[in-house]
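Below is one structure, written out as structure tokens; comments come after it.
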Amino acid sequence: MNQLITLEVNNESYPIVVEGRTRLLDALRDNCLLTGAKEGCSTGDCGACTVIMDGQPVTSCLVVAASAQGTKITTIEGVAKGNELHPVQKAFMQCGALQCGICTPGMIMTSIALLNENPKPTREQIRFGLQGNLCRCTGYGKIVDAVEQAAEMMAAK
């Protein structure tokens, strides 16, 4: 059965019609036209579809869209301020912490949530915080470097 819901995404309201089984990932991509979150595994194991919901990183492939009504959702499209990239986005570019790009939005969203919770993480804490995000290209070293650099950039503000 279809239902009308309103999603609050990146500080904008999206009134959309979804089926009861529609996943948040599909609602974001198909109804809101926000395609930054990627479908990787469809089982919540890879983290490519990670978004921030009420301050916490969630794998949007495991969230029923209707259950997200009334929450505040941030996607990769919502982290930059105009043309000014978020420090995590800048650091990922500067450190070469991306290759094919499938995992990058989820890695960045999880990194932002991690740094919001712990502004000065150790390398071990960064690795632990990113353990739900898989990358088949980078080997993770440059990703950890980027999160460290982003933490320094954010502390300097």
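The values are calculated or read from the model by the stated rules, or taken from the named source; none is laboratory data. Since we're looking at a predicted model, the values are computed, not measured. Here the Cβ positions follow ideal geometry from the backbone for every residue, glycine too, while neighbour counts run over all protein chains shown.
Has region 8-20 got at least one residue that is free of Cβ contacts under 8 Å to residues at least 60 places away in the same chain, in contact with a Ser or Thr (Cβ under 9 Å, 6 or more places away or on another chain) and closer than 23 Å to Ser111 by Cα? No, there is no match, as no residue in region 8-20 is free of Cβ contacts under 8 Å to residues at least 60 places away in the same chain, in contact with a Ser or Thr (Cβ under 9 Å, 6 or more places away or on another chain) and closer than 23 Å to Ser111 by Cα. Residues considered: Lys90, Lys72. Of these, the only one that is over 24 Å from Lys142 (Cβ atoms), surrounded by fewer than 17 Cβ atoms within 10 Å (Cβ to Cβ) and at pLDDT 95 or above is Lys72.
Inspect region 138-146 for any residue being under 28 Å from Val9 (Cβ atoms), touching a helix residue (DSSP H, G or I) at 6+ places or on another chain (Cβ under 8 Å) and not aliphatic (A, V, I, L, M) and give the result as yes or no. For region 138-146, residues under 28 Å from Val9 (Cβ atoms), touching a helix residue (DSSP H, G or I) at 6+ places or on another chain (Cβ under 8 Å) and not aliphatic (A, V, I, L, M): absent. No other residue among Leu24, Leu62, Leu33 is crowded, with 21+ Cβ neighbours inside 10 Å, over 21 Å from Cys137 (Cβ atoms) and not small (Gly, Ala, Ser) apart from Leu24.
Of the residues making up region 100-109, one or more are assigned to a loop (DSSP other than H, G, I, E, B) and at positive phi. Which ones in region 40-90 are in a loop (DSSP other than H, G, I, E, B) and among the acidic types (Asp, Glu)? Once the filter is applied, which keeps residues that are in a loop (DSSP other than H, G, I, E, B) and among the acidic types (Asp, Glu), region 40-90 yields Asp45, Asp54.
Touching a Lys or Arg at 6+ places or on another chain (Cβ under 9 Å), farther than 24 Å from Pro15 by Cα and either part of a helix (DSSP H, G or I) or not basic (Lys, Arg) (or both): does that describe Met93?
Working: touching a Lys or Arg at 6+ places or on another chain (Cβ under 9 Å): no; farther than 24 Å from Pro15 by Cα: yes; either part of a helix (DSSP H, G or I) or not basic (Lys, Arg) (or both): yes.
In short, no.
The residue that is surrounded by the most Cβ atoms within 10 Å (Cβ to Cβ), counting only those in region 103-157 that are β-branched (Val, Ile, Thr) and either modelled with pLDDT under 95 or farther than 17 Å from Ser60 by Cα (or both), is Val147. Taken together, Gly47, Gly82 contain a single residue that is of a type outside the set (A, V, I, L, M, F, W, C), on the phi > 0 side of the Ramachandran plot and modelled with pLDDT of 95 or more, which is Gly47.
Quick one: is Val51 surrounded by 15 or more Cβ atoms within 10 Å (Cβ to Cβ) and closer than 23 Å to Cys103 by Cβ? Don't jump to the end; show me each part of the working.
On the way: surrounded by 15 or more Cβ atoms within 10 Å (Cβ to Cβ): yes; closer than 23 Å to Cys103 by Cβ: yes.
Considered against the rule, which asks whether it is surrounded by 15 or more Cβ atoms within 10 Å (Cβ to Cβ) and closer than 23 Å to Cys103 by Cβ, Val51 comes out as yes.
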